[in-house]
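Q: Here it is: the structure, laid out below.
The values are calculated or read from the model by the stated rules, or taken from the named source; none is laboratory data. The model shown is predicted, which means the values in this text are computed figures rather than measured ones. So basically every Cβ, Gly included, is an ideal-geometry build from the backbone, and we count neighbours across all protein chains shown. What goes into the accessible areas is simple: the full protein's heavy atoms, side chains included, and nothing from ligands, DNA or RNA. Shrake-Rupley method; radii C 1.70, N 1.55, O 1.52, S 1.80 Å.
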Amino acid sequence: SQTIHQWPATLVQPVGSPLSLECTVEGTSNPNLYWYRQAAGRGLQLLFYSVGIGQISSEVPQNLSASRPQDRQFILSSKKLLLSDSGFYLCAWSPGQGVETQYFGPGTRLLVL
Amino acid sequence: AQSVTQLDSHVSVSEGTPVLLRCNYSSSYSPSLFWYVQHPNKGLQLLLKYTSAATLVKGINGFEAEFKKSETSFHLTKPSAHMSDAAEYFCVVSPPWGDKVIFGPGTSLSVIP
């Protein structure tokens, strides 16, 4: 069966510090991968999605970036965090090709102080 | 273009009474539709999905939803609310070719003892 992992679960970082959040998927190959952000009391905002290694599409201009160095690994990064980057970050995967049920990881709670 | 509207940002019901969470969509294509649930500080879990088969879809935990093309609606219902149903619920629309989906803003469900 497929599983998706995210770490860390919780992170407190000072403004201006770098960020690296990791997401890995097991039990499938060539999945579509997604990064979402959920600000407090708000819905989900799609940040990045990837249909293959090295293929990243950005949905919202911001100081975040994403990379997919391996088929089942998706990394969200920032060189300098802003206060507005605080939120709940969710990684998701889908099988690719056709109707896309997305399966979500447990999320990372990021607080920028 | 596609969009999703969840008419109520917050719904409160008494335990044991019916639940109705409303969702309307707009799509240029025949969409696939999903409902996800998110418990506090957790990832999203798929409740049910409609993919052009039966219009009445049964999901987990006693939830079901009916696709009504004429009303462009996909409302989520449950005959009897349980305390554990208290969570955030998201209606999601996907184009036939998948890859990106559109999340509604979410409805927060409270269940009163």
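Q: Below 8 Å, C-alpha to C-alpha, sequence gap of six or more: please give me the relative contact order for chain A in percent. Mind showing how you got there, number by number?
A: Numbers: 284 pairs, mean separation 40.5, N = 113.
Taking the mean separation of contacting Cα pairs over the length of chain A, I get 36 percent.
Q: Among A:103, A:36, A:49, which one shows the biggest mean-square fluctuation in a GNM of chain A, springs joining Cα atoms closer than 10 Å?
A: Its mean-square fluctuation being the largest, the pick is A:103.
Q: Also, I was wondering about something else. Once phi is turned into θ = phi - 60°, what whole-Hz ³J(HN,Hα) does the Karplus curve with 6.51, -1.76 and 1.60 give for every residue of the range A:74-80, x standing for Gly and Pro?
A: Once θ is set to phi - 60°, the couplings for the range A:74-80 become 9, 10, 10, 9, 8, 7, 9 Hz.
Q: Which percent of the accessible heavy-atom area of the range A:3-112 goes to carbon and sulfur, probe 1.4 angstrom?
A: Working: 2670 of 4910 Å².
For the range A:3-112, the apolar C and S fraction of the accessible surface comes to 55 percent.
Q: Skip the ligands, DNA and RNA, and give the accessible area per residue of the range B:3-112 with a 1.4 Å probe, whole Å². Please report the intermediate quantities before stating the final value.
A: On the way: 5010 Å² over 110 residues.
It amounts to 46 Å² per residue over the range B:3-112.
Q: Ok, one more. How high is the FRET efficiency from residue A:9 to residue B:110, r the C-beta distance, R0 25 Å, rounded to 0.05? Let's see the in-between values first.
A: Working: r = 26 Å, r/R0 = 1.03.
Calculated value: 0.45.
Q: Additional query: Measuring from label point to label point, each 7 Å out along Cα→Cβ, what is the residue A:58 to residue A:26 span in nm?
A: Calculated label separation equals 3.3 nm.
Q: Here is a follow-up. Before I look further, what does the range A:3-112 give for accessible area per residue, probe 1.4 Å, in whole square angstrom? Spell out each step's value before the answer.
A: On the way: 4910 Å² over 110 residues.
With the other protein chains kept in place, the range A:3-112 gives 45 Å² per residue.
Q: Name the long-range amide H neighbours of residue B:11: under 5 Å, sequence gap of 5 or more, or other chain; modelled H, no Pro or chain starts.
A: Excluding prolines and chain starts, which carry no amide H, the hits are B:108, B:109, B:110.
Q: Just tell me which aspartates and glutamates come within less than 19 Å, Cα to Cα, of residue B:49; anything on the same chain fewer than 8 places away is out.
A: Within the straight-line limit of under 19 Å, residue B:49 reaches these aspartates and glutamates: A:100, B:64, B:66, B:71, B:85, B:88, B:99.
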